[in-house]
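This report refers to the structure that appears directly beneath it.
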Amino acid sequence: MVIRPSRRGAVATFATAALAAALAVSAPLSASAATDFDLDGTADAARNGAGADRADAVRASIVDGPAKNVILLIGDGMGDSEITAARNYLVGAGGSLPGIDALPLTGQYTTYSLYPEGNPNVGKVDAVPDSAATGTAWATGTKTYDNAVGVDIYGDREDNLIEIAKANGLRTGNVSTAEIQDATPAVQAAHVAQRACYGPDTDAQRAAAGQSAACGPDAKENGGAGSISEQLLDTRADVTFGGGREYFSQTANAGVYSGLTLEQQAADRGYQYVTTAAGLDGITEADQESPVLGLFAERNFATRFSPSVPVQGVATGTQPTIPAIRCTDNPAYGGDQPALAALTEKSIDLLDRPDGESGFFLQVEGASIDKQDHAADACGQIGETQDLDEAVQAALEFAEADGETLVIVTADHAHTSQIVDNVTPGLNTRLTTADGTSMLIAYGTAAAGGSQQHTGAQLRIAAYGPGAANVLGLTDQTDNFFTMANALELDRDLVAASTGATATADPTEVAPGGRVTITGSGFAGDVIVNATFDGEPLGQADVIDGVATFVVPVDADAGEGDYEVVLTGARTGVTATATFTVAVDADASSGDGTDDGAPAPGAGGGANGGTTPAGSIGGSPNAGGSLSFTGAEVAPFLALGGLLLAAGTALVVRARMRRARHA
Ligand SMILES: [Mg+2]
Ligand SMILES: [Zn+2]
């Protein structure tokens, strides 16, 4: 095997011809590809040939961190069986998948989960995990229970890599072919006790179906942070691509966005929202002011191949004869729904910045390897593996040119499909491989029509680039969190990231009936900041590059004196206080209560750039200290979007008029 020498001193090198081959591949794999390998001679099948000593090549592929960027590619349910089946089918047993097989450094990791509090086995090992526990493991570094999204076995939230990367000034992306609420993308976006908490309507729908609540205390109306869809909007990755559009047509039923659909809420918070490949083509920038949310399917993406139909074997007696088939293209694939590789390329284009600027963390999931494995659909899972492989190729192509990017390719848990010699009592599919012989794939962990089960075997984890050596040997899935966080040199202390936050008022002196813009700066560890006046809520604002902005109307009958508005980071609890003075003779040219159209400082480029309206300060003798902030009153205002500065006239919020104690 030819080993390519190091291209640049400290920059990653390619230790395998497979990776070089990956980068040379221009045409996608053909479903009818056949290998022309001669495998029968001594050393013919040896992947490293007969004479190679790979020591130098391995040494050359070990590159110290840090990395500027990390791209994590996950094949959900992509165990060794699934990789082997796809390789055999697509390129032949002696071939190499040009993406997945190309990474030079490979280890294995354990994936088990733990039982949660409330279970008799609390804290003990659950040998077969689900995608929620496993995703939480690499997203937070913490083992947890099946079903848990971003919380530990006691239900406590654990910060995820996207949140941490953002706090460190990095750009972030989250891509999946599943519903974006599905566990793998959700672990980078939300913290809920049960993964099924998809949207604001979830519990009502479940109740109607006779099912127990999934959101429960996490629901907005119960004082929680909201469903996965709602929290995803809070988390505000620069780039979010997936399916699950259906849930964004649901309407928030509590909180400051109550009465708006989540699509409307996204627009109100400055998101660029696209639903088609053509729409995505029109997106040229994504940042914290204008993040992009692309939802290209109501639920999951269509698969690349049409489903294969397995044949039921018998427990005893003569097994059925199963003819070998080739998979067929799914006509529903493509069209308005971009391929995973295209989404990966687009994400990289949007997130990558020139040398000297901040890097990015990007997670990409090929979700339906798992879903089709559950369905005993051999063709489906193989096509999805091919899709992921092409996404890996895109990531490697960028990483090679960039030289500062760590690429990791792995899975979340192993799965059912097995490559077997003879028809089993389970479900069986025989495929003609790229070698021209047949391969029998069996599913035996559920009856026909049931959902085949995950399995508990360790998985391959492969890496390329600065820090890649940390995947070698046997690690645990939680190690992957530290591999990535350390490569990016992330400070994981979000409280520290917001400590020292400040708040200012502009103007500092305002006449009654005017407006004051309160700007909180340095809230990097938070995604939401809440404002209060005299202990009463004024509203919340999105943190955009560390800054949260509130426009606060001052009542026309507000008394003269000093006022304090306290800003509190929702995640960190860090507070900062802004002080301003209400004076009858204040300069009327600023904060005069008229709609002069001037955007609030720090507000973004969307409808209101993620700045939510603040309640008013002041009050009349009749206000009586009551706080009125209901969906009925807020919704019409929020729906106005860009008319933020009219807030004071439309919003019926009355905080008690009270002079600040330290007047
Ligand atoms: Mg998944
Ligand atoms: Zn699964």
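The values are calculated or read from the model by the stated rules, or taken from the named source; none is laboratory data. As the structure is a computational prediction, the values presented were derived from the model and not from experiment. Positions of Cβ are generated from backbone atoms using ideal geometry, with glycine treated the same way; all protein chains shown enter the neighbour counts.
Can you find a residue in region 346-362 that is within 16 Å of ligand 2 (Cβ to nearest atom), in a loop (DSSP other than H, G, I, E, B), within 23 Å of residue 161 (Cβ to Cβ) and assigned by TED's automatic domain parsing to the domain that holds residue 381?
Within region 346-362, the first condition is being within 16 Å of ligand 2 (Cβ to nearest atom), and the residues that meet it are none.
No, region 346-362 contains no residue that is within 16 Å of ligand 2 (Cβ to nearest atom), in a loop (DSSP other than H, G, I, E, B), within 23 Å of residue 161 (Cβ to Cβ) and assigned by TED's automatic domain parsing to the domain that holds residue 381.
What residue, among those in region 62-119 that are of a type in the set (Asp, Glu) and within 16 Å of ligand 1 (Cβ to nearest atom), is farthest from residue 131 (Cα to Cα)?
Filtering region 62-119 down to residues of a type in the set (Asp, Glu) leaves 64, 76, 80, 82, 101, 117.
From the residues that got through so far, the ones that are within 16 Å of ligand 1 (Cβ to nearest atom) too are 76, 82.
On the way: 76: 8, 82: 16 Å.
Per the criteria, the residue is 82.
Would you say residue 142 is away from ligand 2 (no atom under 16 Å from the Cβ), surrounded by fewer than 24 Cβ atoms within 10 Å (Cβ to Cβ) and within 20 Å of residue 77 (Cβ to Cβ)? Can you show your working first?
On the way: away from ligand 2 (no atom under 16 Å from the Cβ): yes; surrounded by fewer than 24 Cβ atoms within 10 Å (Cβ to Cβ): yes; within 20 Å of residue 77 (Cβ to Cβ): no.
Spelling it out, it is not the case that residue 142 is away from ligand 2 (no atom under 16 Å from the Cβ), surrounded by fewer than 24 Cβ atoms within 10 Å (Cβ to Cβ) and within 20 Å of residue 77 (Cβ to Cβ).
Scan region 196-231 for residues that are out of contact with any strand residue (DSSP E or B) (no Cβ under 9 Å at 6 or more places or on another chain) and hydroxyl-bearing (Ser, Thr, Tyr) and jot them down.
Listed by number, the residues that qualify are 202, 212, 229.
Given the residues 222, 168, which is the only one that is more than 18 Å from residue 138 (Cβ to Cβ) and either surrounded by fewer than 24 Cβ atoms within 10 Å (Cβ to Cβ) or modelled with pLDDT under 95 (or both)? Let's see the steps before the verdict.
Values: 168 fails: more than 18 Å from residue 138 (Cβ to Cβ).
Only one candidate qualifies: 222.
Restrict the check to region 364-378 and report whether at least one residue is in a strand (DSSP E or B) and either more than 16 Å from ligand 2 (Cβ to nearest atom) or more than 27 Å from residue 468 (Cβ to Cβ) (or both).
First, pick out the residues of region 364-378 that are in a strand (DSSP E or B): 364-366.
Narrowing the set further to residues that are either more than 16 Å from ligand 2 (Cβ to nearest atom) or more than 27 Å from residue 468 (Cβ to Cβ) (or both) leaves 364.
Checking region 364-378: at least one residue is in a strand (DSSP E or B) and either more than 16 Å from ligand 2 (Cβ to nearest atom) or more than 27 Å from residue 468 (Cβ to Cβ) (or both).
Restricting to region 98-133, what's the tally of residues that are in contact with a Leu (Cβ under 9 Å, 6 or more places away or on another chain), free of Cβ contacts under 8 Å to residues at least 40 places away in the same chain and crowded, with 18+ Cβ neighbours inside 10 Å?
2
Provide a single number: the residues in region 50-93 that are touching a residue at least 60 places away in the same chain (Cβ under 8 Å) and more than 16 Å from ligand 2 (Cβ to nearest atom). Lay out the reasoning, then the answer.
So in region 50-93, the residues touching a residue at least 60 places away in the same chain (Cβ under 8 Å) come out as 61-86, 88-93.
Narrowing further to those that are more than 16 Å from ligand 2 (Cβ to nearest atom): 61-73, 80, 83-86, 88-93.
Qualifying residue count, region 50-93: 24.
Condition check ((1) modelled with pLDDT of 95 or more; (2) in contact with a Phe, Trp or Tyr (Cβ under 7 Å, 6 or more places away or on another chain); (3) among the aromatic types (Phe, Trp, Tyr); (4) more than 20 Å from residue 198 (Cβ to Cβ)) across all residues:
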| site | (1), (2), (3), (4) |
| --- | --- |
| 248 | yes, no, yes, no |
| 254 | yes, no, no, no |
| 287 | yes, no, no, yes |
| 295 | yes, yes, no, no |
| 303 | yes, yes, no, yes |
| 310 | yes, yes, no, yes |
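Kindly establish whether residue 488 is surrounded by 20 or more Cβ atoms within 10 Å (Cβ to Cβ), of a type in the set (A, V, I, L, M) and touching a Pro at 6+ places or on another chain (Cβ under 7 Å). Steps first, answer last, please.
On the way: surrounded by 20 or more Cβ atoms within 10 Å (Cβ to Cβ): yes; of a type in the set (A, V, I, L, M): yes; touching a Pro at 6+ places or on another chain (Cβ under 7 Å): yes.
Yes; evaluated as a whole, the condition is true for this residue.
Just wondering, is there one or more residues in region 150-173 that are under 28 Å from residue 490 (Cα atoms) and within 16 Å of ligand 2 (Cβ to nearest atom)? Give the derivation first.
So in region 150-173, the residues under 28 Å from residue 490 (Cα atoms) come out as 150-173.
Keeping just the survivors that are within 16 Å of ligand 2 (Cβ to nearest atom) gives none.
There is no residue in region 150-173 that is under 28 Å from residue 490 (Cα atoms) and within 16 Å of ligand 2 (Cβ to nearest atom).
Which residues, taken from region 412-471, are of a type in the set (A, V, I, L, M, F, W, C) and within 16 Å of ligand 2 (Cβ to nearest atom)?
Kept after step one, since they are of a type in the set (A, V, I, L, M, F, W, C), are these residues of region 412-471: 414, 419-420, 423, 427, 431, 434, 439-442, 446-448, 457, 459, 461-463, 468-469, 471.
Matches in region 412-471: 414, 446, 457, 459.
Within region 64-84, how many residues are surrounded by 24 or more Cβ atoms within 10 Å (Cβ to Cβ) and over 24 Å from residue 187 (Cα atoms)?
Final tally of qualifying residues: 0.
Among the residues that make up region 477-493, is at least one of them over 30 Å from residue 543 (Cα atoms) and acidic (Asp, Glu)?
Taking region 477-493 first, the residues over 30 Å from residue 543 (Cα atoms) are 477.
So of that shortlist, the ones also acidic (Asp, Glu) come out as none.
There is no residue in region 477-493 that is over 30 Å from residue 543 (Cα atoms) and acidic (Asp, Glu).
Name the residue, out of 557, 585, 534, that is surrounded by fewer than 21 Cβ atoms within 10 Å (Cβ to Cβ), touching a Lys or Arg at 6+ places or on another chain (Cβ under 6 Å) and modelled with pLDDT under 95. I'd like the intermediate steps shown before the answer.
Working: 557 fails: touching a Lys or Arg at 6+ places or on another chain (Cβ under 6 Å); 585 fails: touching a Lys or Arg at 6+ places or on another chain (Cβ under 6 Å).
From the options 557, 585, 534, the qualifying one is 534.
Quickly run through region 231-268 and pick out the residues that are of a type in the set (D, E, K, R) and touching a Pro at 6+ places or on another chain (Cβ under 6 Å). Don't jump to the end; show me each part of the working.
At the first step, the residues of region 231-268 found to be of a type in the set (D, E, K, R) are 234, 236, 238, 245-246, 263, 268.
Result: 236, 238.
Can you list the strands (runs of 3 or more DSSP E) found entirely within region 387-491 that contain at least 3 residues being of a type in the set (A, V, I, L, M)? Please lay out each step first, then the result.
Values: elements: 405-411, 418-420, 427-432, 438-443, 459-464, 473-476.
Once the strands (runs of 3 or more DSSP E) in region 387-491 are filtered for at least 3 residues that are of a type in the set (A, V, I, L, M), what remains is 405-411, 438-443, 459-464.
Filter region 161-199 for residues that are within 13 Å of the chain's Cα centre (by Cα) and free of Cβ contacts under 8 Å to residues at least 60 places away in the same chain; which is farthest from ligand 1 (Cβ to nearest atom)?
191
Filter region 49-101 down to the residues that are in a helix (DSSP H, G or I) and of a type in the set (A, V, I, L, M, F, W, C) and list them by number.
55, 57, 58, 60, 83, 85, 86, 90
Being more than 15 Å from residue 329 (Cα to Cα), more than 21 Å from the chain's Cα centre (by Cα) and more than 16 Å from ligand 1 (Cβ to nearest atom) is the filter; apply it to region 356-387 and report the residue that is surrounded by the fewest Cβ atoms within 10 Å (Cβ to Cβ).
Here the answer is 356.
With the condition kept exactly as written, say whether any residue in region 415-438 is touching a residue at least 12 places away in the same chain (Cβ under 8 Å) and within 16 Å of ligand 1 (Cβ to nearest atom).
First pass over region 415-438, keeping only residues touching a residue at least 12 places away in the same chain (Cβ under 8 Å): 415-436, 438.
Okay, now just the ones that are also within 16 Å of ligand 1 (Cβ to nearest atom), so 415-416.
There is at least one residue in region 415-438 that is touching a residue at least 12 places away in the same chain (Cβ under 8 Å) and within 16 Å of ligand 1 (Cβ to nearest atom).
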